[in-house]
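Below is one structure; the comments refer to it alone.
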Amino acid sequence: MTARASHAWLLPLLVLAACASPARPAPWVGTWRMTAVESRDSDTGPWRRPFGDAPFGYAIYNADGTHAMNFTRTPVPAMFAAGGDRGATERELRETFEAYFSWFGHYTVDAARGTIIHRIEGSLWPSWRNTVQERPFTIHGDTMLLGDQVRARRVLMRVR
């Protein structure tokens, strides 16, 4: 028996394995770590960093079209003086609220326009619930730039 004939039984298995392997996910699918949140009031104004120089959190885009985004300011607000989550002062509650951002829902991508369309189902910020938030985006390797890069920019790094 030749070497070719002795391995002939492998070919159907290899073809089956290739057909059964999942398609490569879209480049935006995955977990991304938030590394910058910057905004400005005009096209040429100074950039503000409302979540500090190194915000911490994640954006998750699943292949099924669901997403969640959660991040916090750094440094994070101090523990409440009361020692627990109950009994915080109004000032402490406001500082904590303003230091954290969260939303979740479904998304679609308009690749031709380079836009992610977020359909927000729930958010820490009540005015964002049941809204549609479109964001231009680009992906360069393991870096996603979210926002128009003129008045809003978010920098996310792919989590391995």
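The values are calculated or read from the model by the stated rules, or taken from the named source; none is laboratory data. Small disclaimer: the values here were computed from a predicted structure and weren't measured. Every residue, glycine among them, receives a Cβ derived from its backbone with ideal geometry; neighbour counts consider all protein chains shown. Surface areas here come from the heavy atoms of the whole protein model, side chains and all, with no ligands, DNA or RNA. Shrake-Rupley method; radii C 1.70, N 1.55, O 1.52, S 1.80 Å.
Under 10 Å, Cα contacts only: if you run a Gaussian network model on the chain, which one of 85, 148, 110 comes out with the highest mean-square fluctuation? Largest GNM mean-square fluctuation: 85. Per residue, the chain exposes an accessible area of 65 Å² to a 1.4 Å probe, with every protein chain left in place. A cut-off under 10 angstrom between Cβ atoms defines the neighbours of residue 147, and their net charge, with Lys, Arg +1 and Asp, Glu -1, is +2. Against the chain, whose longest principal axis is taken from its Cα atoms, helix 10-20 shows a tilt of about 30°.
Only one of the listed values, (i) 194; (ii) 118; (iii) 183, was derived from the coordinates as volume of the Cα convex hull per residue in Å³; which label is it? From the options (i) 194; (ii) 118; (iii) 183, the structure gives (i).
At full extension, residue 47 and residue 74 could sit 8.0 nm farther apart than now, given 0.36 nm per residue minus the alpha carbon distance. In sequence order, region 148-160 has phi-based couplings of 6, 6, 10, 10, 8, 9, 10, 10, 10, 10, 4, 8, 8 Hz under the Karplus curve 6.51 cos²θ - 1.76 cosθ + 1.60, θ = phi - 60°, and Gly or Pro positions carry x.
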